[in-house]
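Engineer: What follows is a structure written as structure tokens; I'll ask about it next.
The values are calculated or read from the model by the stated rules, or taken from the named source; none is laboratory data. This structure is a prediction, so every number in the text was calculated from the model and none was measured. A quick note on method: Cβ atoms are made from the backbone with ideal geometry, for glycine too, and the neighbour counts reach across all protein chains shown. Just so you know, the surface numbers come from the protein's heavy atoms only, side chains and all, with ligands and any DNA or RNA stripped out. Shrake-Rupley method; radii C 1.70, N 1.55, O 1.52, S 1.80 Å.
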Amino acid sequence: MEFKITTDLATQTYQDALMIRTTVFVDEQHVPADREVDADEAKAIYFVAYDSGLPVATARLLPEHGGYHVQRVAVMKAYRHHGVGQVLLEQLTAYAKGHGIDTMRLDAQVQAVGFYKALGYQLTDRPEFLDAGIRHREMQLTL
């Protein structure tokens, strides 16, 4: 598995991230396409996992309040339940630690809370909420 990181929206890496996000969120989960790309695109750090050159997973980090907000975590269907998401999140954590970050926060789809708990994330006190019609819970990881 190879990982590429970019902040440049003109790169193929960013285009690969968008392709994965569109497939997972828009096509599979029916998130409106106009909600998937947002005003934070130019502020984020994008990670894409490649398997033999094929883009298979993505996530982005958005700097905030001395930490990172993990967003847009998506794994292509054929690669789910094979550890790709875990390795991707480990890459995000290593990047954050390498940049002196001590807190990572994310809004987990309720069905993925167990996955994030296994990686050390804890639920916050924020109650369950809807985002794009999908139930979410806020979670945090202290590094």
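Engineer: Apply the Karplus curve 6.51 cos²θ - 1.76 cosθ + 1.60, θ = phi - 60°, to the phi angles in segment 91-99 and return the couplings in whole Hz, x for Gly and Pro.
Structural biologist: Values per residue, Gly and Pro as x: 5, 4, 5, 4, 4, 4, 4, x, 10 Hz.
Engineer: For segment 57-143, take the convex hull of the Cα atoms, compute a quarter of its surface area, and give me that in nm², please. Don't skip to the end; give the middle numbers.
Structural biologist: Working: hull surface 22.2 nm².
Across all orientations, segment 57-143 yields a mean hull projection of 5.5 nm².
Engineer: Within segment 33-75, name every residue whose backbone N is under 20 Å away from a label modeled 7 Å from Cα of residue 82 along the Cβ vector.
Structural biologist: Correct set: 47-59, 73-75.
Engineer: Please list, in chain and number order, the residues 5+ apart from residue 103 or on another chain whose amide H is under 5 Å from its amide H, with Hs placed from the backbone.
Structural biologist: Residues meeting the amide H criterion: 68, 143.
Engineer: Okay, moving on. Evaluate the relative contact order of segment 3-143 (contact order divided by residue number), counting alpha-carbon pairs under 8 angstrom at least 6 apart; express in whole percent. Before the final figure, lay out the partial values.
Structural biologist: Details: 230 pairs, mean separation 26.8, N = 141.
The value is 19 percent.
Engineer: Turning to a different aspect of this structure: What whole-number value in Å² describes the accessible area per residue of the chain for a 1.4 Å probe? Let's see the in-between values first.
Structural biologist: Details: 7440 Å² over 143 residues.
With the other protein chains kept in place, the chain gives 52 Å² per residue.
Engineer: With an 8 Å Cα cut-off and a minimum separation of 6 or more residues, compute the relative contact order for segment 64-143 in percent. List each step's numbers first, then the result.
Structural biologist: Values: 93 pairs, mean separation 26.3, N = 80.
For segment 64-143, the relative contact order is 33 percent.
Engineer: Still on this model: Ignoring ligands, DNA and RNA, how do 30, 99 rank by accessible area with a 1.4 Å probe, largest first? Mind dumping the intermediate values first?
Structural biologist: On the way: 30 140, 99 105 Å².
So the residues, ranked largest to smallest area, are 30, 99.
Engineer: I've got another one for you. Which value, in debye to the nearest 20, describes the size of the charge dipole of segment 38-133 about its Cα centre when Lys and Arg Cβ atoms bear +1, Asp and Glu Cβ atoms bear -1, and nothing else is charged?
Structural biologist: 240 debye
Engineer: Also: Using the beta-carbon distance between residue 128 and residue 34 and R0 = 25 Å, what value does 1/(1 + (r/R0)^6) give for FRET efficiency, to the nearest 0.05? Show your work: numbers first, answer last.
Structural biologist: Numbers: r = 24 Å, r/R0 = 0.97.
The computed FRET efficiency comes out at 0.55.
Engineer: Turning to a different aspect of this structure: Quick one: accessible surface of residue 139, probe radius 1.4 Å, all protein chains present, in square angstrom to the nearest 10.
Structural biologist: Per-residue accessible area (residue 139): approximately 0 Å².
Engineer: Still on this structure: About its Cα centre, how strong a charge dipole does segment 84-143 have in debye, to the nearest 20, once Lys and Arg get +1 and Asp and Glu get -1 at the Cβ? It would help to have the intermediate numbers written out before the result.
Structural biologist: Numbers: 6 positive and 7 negative charges, 17 e Å.
Result for segment 84-143 is approximately 80 debye, rounded to the nearest 20.
Engineer: Right, here's the next one. Tell me, what % of the accessible area of the chain is carbon and sulfur with a 1.4 angstrom probe?
Structural biologist: Details: 3770 of 7440 Å².
For the chain, the apolar C and S fraction of the accessible surface comes to 51 percent.
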